Amino acid sequence: MFVDFKEIPEDAKVWVYPSSRKFYTNEIEPLEEKVKAFISTWKQDDDTFKASYKILYNRFIVITADNVTTPLKGADIDASVSFILGLQQEYEVELLDRMNVCFKQGEFVQYKDLKDFKKLLKNKALTGKSIVFDNLITTKEDFENFWEIPIEDSWYNRFLK
């Protein structure tokens with residue numbers, strides 16, 4: 001069942017899907033409709049299941065599900081991955097590539113492969129104070145507290161040396 005993001009408990013599972021490009025303004029509303037429709041029908045046979053989403057910076061699709069009250073099974077995860085793969089194809093973006101880094105440069109969110117990110121750090125185009133998005137977080141609590149943080153406070157800090 002789709003619920004407001006605020007209604008999802010802190011220990012709920014979170015998946016962050018960074019897009020390889022910013023979604024265009026005219027794509028946001030249809031994208032939101034598709035994500036909401038998926039969540040509304042995801043595990044619809046279970047009345048206690050709650051899930052939600054956010055689209056942030058016109059670049060990130062964040063899906064959260066209360067998997068404590070209603071544990072997710074392999075088929076449920078497969079359904080969500082299949083849905084995301086469909087979005088990748090439809091919008092011609094990468095959403096599942098975990099070897100890329102998203103970070104802020106001024107007001108803009110950048111998406112670079114790890115090799116280019118390391119070069120930016122080496123060349124001092126980014127510093128430990130630069131904001132990075134940790135798309136590997138797994139709970140709503142971590143999303144709210146540790147998703148958007150300075151590089152020096154993230155696991156990316158190992159590349160600062």
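The values are calculated or read from the model by the stated rules, or taken from the named source; none is laboratory data. What you see is a predicted model, and the numbers here were worked out from it, not measured in a lab. Cβ atoms come from the backbone with ideal geometry, glycine included; neighbour counts cover every protein chain shown. Note: areas computed on protein heavy atoms with side chains; ligands, DNA, RNA excluded. Shrake-Rupley method; radii C 1.70, N 1.55, O 1.52, S 1.80 Å.
What to note about this one:
- Among Thr69, Thr138, Thr25, the largest mean-square fluctuation in a Gaussian network model of the chain (Cα springs under 10 Å) belongs to Thr25.
- Extension gain, Lys22-Asp116: 0.36 nm per intervening residue step, less the Cα-Cα distance, totals 32.0 nm.
- Note on Tyr57 and Lys6: the extension gain reaches 16.5 nm, defined as 0.36 nm multiplied by sequence separation minus the Cα-Cα distance.
- Placing a pseudo-label 7 Å from each Cα along the Cα-to-Cβ vector at Glu94 and Ala37 gives an inter-label distance of 2.8 nm.
- Long-range lysine pairs (8 or more apart or interchain), region 84-161, Cα under 22 Å: 23
- The mean sequence distance of close C-alpha pairs (under 8 Å, at least 6 residues apart), as a share of the length of region 103-161, puts its relative contact order at 33 percent.
- GNM remark for the chain: springs join alpha carbons under 10 Å apart, and the peak mean-square fluctuation among Lys140, Lys43, Lys115 falls on Lys115.
- Membrane-span-like helices in the chain (whole DSSP H runs, Cα extent of at least 15 Å along the helix axis, mean Kyte-Doolittle hydropathy of at least 0.0): 74-91.
- Packing order of peptides 105-111, 62-68, highest average first: 62-68, 105-111 (average count of other Cβ atoms within 10 Å over each peptide's residues).
- Accessible solvent surface per residue of the chain, calculated while the other protein chains remain in place, 1.4 angstrom probe, Å²: 55
- Whether region 1-106 is rounded, prolate or oblate, judged on the alpha carbon gyration tensor where a/c under 1.5 counts as rounded: prolate
- Candidates Leu121, Leu85, Leu56, ranked by Gaussian network fluctuation over the chain, Cα under 10 Å, top entry: Leu56
- For region 73-161: rounded, prolate or oblate by the Cα gyration tensor [a/c cutoff 1.5]: prolate
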